[in-house]
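This report concerns only the one structure given below.
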Amino acid sequence: GTMATISAAQIVYSSGWKTASSSKYSGGKERYVARTGATATMTVSHVRQFAIVASRGSGRGSFHVYVDGQRVTTTAISQRSSTSSWRKLLYVGSIPGNTAATHTIQLRTTSSSRVDLDAILTLSAKRTGDVTFDKSDYDP
């Protein structure tokens with residue numbers, strides 16, 4: 001939808017991430033890593049909701065999501081799938097407390113299997129409250 005912004009440029013990656021290019025990815029590029037504990041971190045303010053967009057495929061690993069250093073995923077989000085797919089909303093989360101303050105969103109890999117990150121979408125807290133992410137919405 002029009003409320004979401006693709007914010008790949010604002011993401012800080014730990015060492016080991018590589019870049020893949022394809023028209024299948026949101027911005028023509030996707031980052032991937034095959035290392036346990038690799039992180040992709042984004043600092044945001046005036047954001048009330050976010051979504052992690054990535055591809056799925058065979059041999060893929062999984063990741064946890066942290067907000068302000070606290071793990072928000074009870075179980076790791078898996079990217080493993082027998083069929084490949086792209087631009088999938090794999091996780092939707094909310095920013096707690098004061099959305100005008102600065103918060104961090106972090107993806108952290110849980111194994112040495114390949115994990116991909118296409119984009120982290122954000123919804124502005126300044127916009128109307130009835131706009132939310134719907135997993136069926138994002139597959140352009």
Taking region 41-100, the whole-percent share of alpha-carbon pairs separated by over 18 angstrom is 40 percent
Full extension between Thr36 and Ala101 adds, at 0.36 nm per residue less the Cα distance, a length in nm of 20.4 nm
Here the convex hull volume per residue of region 80-125, taken over Cα atoms and given in Å³, is 99 Å³
In order over region 91-107: 3J(HN,Hα) from phi, Karplus 6.51/-1.76/1.60, θ = phi - 60°, whole Hz, x for each Gly or Pro, gives 8, 10, x, 10, 8, x, x, 6, 6, 6, 6, 8, 10, 10, 10, 9, 9
For region 38-47, Karplus-derived ³J(HN,Hα) couplings (6.51, -1.76, 1.60; θ = phi - 60°; whole Hz; x for glycine and proline) come out as 5, 10, 10, 10, 10, 9, 9, 9, 6, 10
Length gained, Ser85-Ser111, 0.36 nm per residue minus C-alpha separation, equals 7.3 nm
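Laboratory data are not the source of any read-out in this text; all were calculated from the coordinates shown. The model shown is predicted, which means the values in this text are computed figures rather than measured ones.
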